[in-house]
Amino acid sequence: MTVTLRPHHLLCLLTYVGKGYSPDFVKNYDRITARLSAGEEIAMTEGPDDICAPIACDLAEHCHGGSVISRDACAARDVGRVLGMTITSGTRLTLTANRRVTLRTGFATGDIRSACTGCNWSALCTQVAAGGFQGVKLA
C-alpha cells in the first residue's frame, strides 16, 4: 500500500510526538507513522491526504485554505531541494533512515522550515527539534 501525503505533512511527520487536533486525528496519525516507519511508500498529493482526509469534514476550510496550499508549495520546494528531487503531486518516495536524517537535519537548522511560518504547531515542533527529536513517532 501507499500513504498519500501533502507536502507540509511530510515536515509535520518529522516532529510528530502524538499531539494533534483531536483524539481521532491522533489515532489516525499514529497509524500513518507506524506504516511509514515500516517502510511504506509515500505518494505526494494535493489537498486532503491520509492524515487529514478521515477527518476532513472537521478541517475542510483548513485543508483547502490558501495558507495551507501556500504551506504545501513551500514544503515541496524545501524538501525537494534537500533531497535533490522534484516534489509534486504524484511524486513517490520512501522515508529511508538516510532521508529521515537529512530531513531532520534540515528541519533543525531551519533550512526546510519556510512552510512552518504561521503554523500553530511551530513552537512545539521547534521544541521537539531542539530536543534532538526525542519521542517522535516516526522511527
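Observations on the structure shown:
- Thr4 long-range amide H proximity, modeled H, under 5 Å: Ala43, Asp50
- Between Gln127 and Met1, the C-beta separation translates, for a Förster distance of 41 Å, into a calculated FRET efficiency of about 0.80.
- Computed Rg/Rh of the chain, alpha carbon atoms with Kirkwood Rh: 0.91
- Burial ordering of Ser67, Ser37, fewest other beta-carbon atoms within 10 Å first: Ser67, Ser37
- Relative packing of 82-89, 42-49, 122-129, which averages over residues the other C-beta atoms within 10 Å, highest first: 42-49, 122-129, 82-89
- Working from Cα pairs under 8 Å separated by at least six residues, relative contact order for the chain is 35 percent.
The numbers here are math on the coordinates, done by the rules we state, and not lab data. Only a predicted model underlies this, so the values are computations on that prediction, with no experimental measurement involved. For neighbour counting, all protein chains shown are included, and Cβ atoms are generated from backbone atoms with ideal geometry for every residue, glycine included.
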